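Student: Pasting a structure below so you can have a look.
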Amino acid sequence: MKTEDRNKRRKLLAVFAHPDDETFICGGTLAKYAHEGAEITLVSATRGEMGRRMGNPPYLNRETMPAAREAELREACGILGIARLHFFDIRDKTVEFCDAALLEARIEALIKEIEPDAVLTFHETLGGHPDHCAIGKAATNAYLRCGGEGGLYFITFGNAMAHPERFGYTRKDVVKIDVSAHNRTKLAAFRAHRCQTEIDEWVWLPDEEALSYFGNDEYFLAGDRRVPRRSPHHLF
Ligand SMILES: [Zn+2]
């Protein structure tokens, strides 16, 4: 069966913390699976209103930022092909202080409703930001509590997981996805998050130059060792 056929009607649930996590960290993969027919649901726990980047030159403030970032995320979702977007309306930079049981219950309800073939989230200690780690831990617990039957994958940064040994993992734990055919879409989504990327000159270079800043692959850690691995190059 062709990969495209295999991915039709597959369901993917991505549980992240901020608008832009989906694009900056794994936008190529989301674009690829959406393009191949998977139905993607994204949770953004917050509206990213505490971000330090406020446009360039700055034109946002703490009051105007949530709506601006929501609008940018909706635009990025349209570009990447993300079908459904949920905000959990948690205040940015406070995810770790939320009632963990309530947060897990909200994610569990979504997993039961969607029955995703794969859940993507942050690793609870390698997430790189307290909000990332907190939402990752909650999503992992929710997935395990549901007896998740799809797969659980942790998103990772850049090509750090080209050498998983540094983090206590092996190559068997890594899924490496070729997103080279989707980097153009990813670049468009980067540009949709303009208040966050206006300050990054490379994003606004002519397309071919900007695209040279992207790698060809995105890396994921397989988070559920009970699920038999189907391929080191696919989530499904
Ligand atoms: Zn983030």
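Derivation of every value follows stated rules applied to the coordinates shown; laboratory data play no part. Everything numeric in this text was worked out from a predicted model, so none of it was measured. Counting neighbours? That spans all protein chains shown, and the Cβs are built from the backbone with ideal geometry, glycine included.
Student: List Phe220, Phe122 from most exposed to least, where exposure is judged by having the fewest other Cβ atoms within 10 Å. Let's see the in-between values first.
Tutor: Working: Phe220 23, Phe122 27.
Result, fewest neighbours first: Phe220, Phe122.
Student: If a paramagnetic tag sat 7 Å from the Cα of Leu205 along the Cα-Cβ line, which residues of region 9-41 would have the backbone N under 13 Å from that point?
Tutor: The answer is none.
Student: For each pair in Lys11/Lys32; Lys112/Lys186; Lys93/Lys186, compute the distance between the two Cα atoms and list the pairs where it is over 18 Å.
Tutor: Numbers: Lys11/Lys32 13 Å; Lys112/Lys186 29 Å; Lys93/Lys186 25 Å.
From the list (Lys11/Lys32; Lys112/Lys186; Lys93/Lys186), the Cα-Cα distance tops 18 Å for Lys112/Lys186; Lys93/Lys186.
Student: Sticking with this structure for a sec: Have a look at Leu12, Tyr143, Ala188 and report the one farthest towards the positive end of the charge dipole of region 3-222, computed about the Cα centre with Cβ charges (Lys/Arg +1, Asp/Glu -1).
Tutor: Of Leu12, Tyr143, Ala188, it is Tyr143.
Student: Go ahead and estimate [θ] at 222 nm for the chain from helices alone: -39,500 (n - 2.57) per DSSP H run with n ≥ 4, summed, over the residue count, rounded to 500.
Tutor: -11000 deg cm²/dmol
Student: Same structure, new question: Taking only the alpha-carbon positions of the chain and ignoring solvent, what does the Debye formula give for the base-10 log of I(q)/I(0) at q = 0.08, 0.13, 0.17 Å⁻¹?
Tutor: -0.27, -0.75, -1.33
Student: Show me the chymotrypsin sites (Phe, Trp or Tyr not before Pro) within region 26-100 that DSSP assigns to loop and that have at most 12 other Cβ atoms within 10 Å of their Cβ. Display every interim value, and only then the final one.
Tutor: Values: sites: Tyr33, Tyr59, Phe87, Phe88, Phe97; in loops: Tyr59, Phe88.
Those that pass, being in a loop and sparsely packed, are Tyr59.
Student: How would you order 107-115, 162-170 from highest to lowest mean count of nearby Cβ atoms within 10 Å? Walk me through the numbers before you get to the answer.
Tutor: Numbers: 107-115: 16.2, 162-170: 11.9.
Ranked by mean Cβ neighbours within 10 Å, highest first: 107-115, 162-170.
Student: Roughly how many Å is it from the Cα centre of region 158-205 to that of region 53-77, as a whole number?
Tutor: Spelled out, the Cα-based centre of one part sits 21 Å from the other.
Student: Here's something else I'd like to know. Put a dot 7 Å past each Cα toward the Cβ at Arg171 and Thr94; how far apart are the dots in nm?
Tutor: Taking the simple label geometry, Thr94 and Arg171 are separated by 4.7 nm.
Student: If a helix is a whole DSSP H run, which ones in the chain reach 15 Å or further along their own axis (Cα) and hold a mean Kyte-Doolittle hydropathy of at least -1.0? Walk me through the intermediate numbers first.
Tutor: On the way: long enough: 21-35 (19 Å, -0.03); 65-80 (22 Å, 0.14); 100-114 (21 Å, 0.88); 130-145 (22 Å, -0.29).
Answer set is 21-35, 65-80, 100-114, 130-145.
Student: Could you check what % of the DSSP bridge pairs in region 3-222 are antiparallel, to the nearest 5? Kindly include the intermediate steps, with their values, before the conclusion.
Tutor: On the way: 8 of 27 bridges.
In region 3-222, DSSP labels about 30 percent of beta bridges as antiparallel.
Student: Related question: Quick check on the exposure proxy: order Ser231, Ser44 from fewest to most C-beta atoms within 10 angstrom.
Tutor: Result, fewest neighbours first: Ser231, Ser44.
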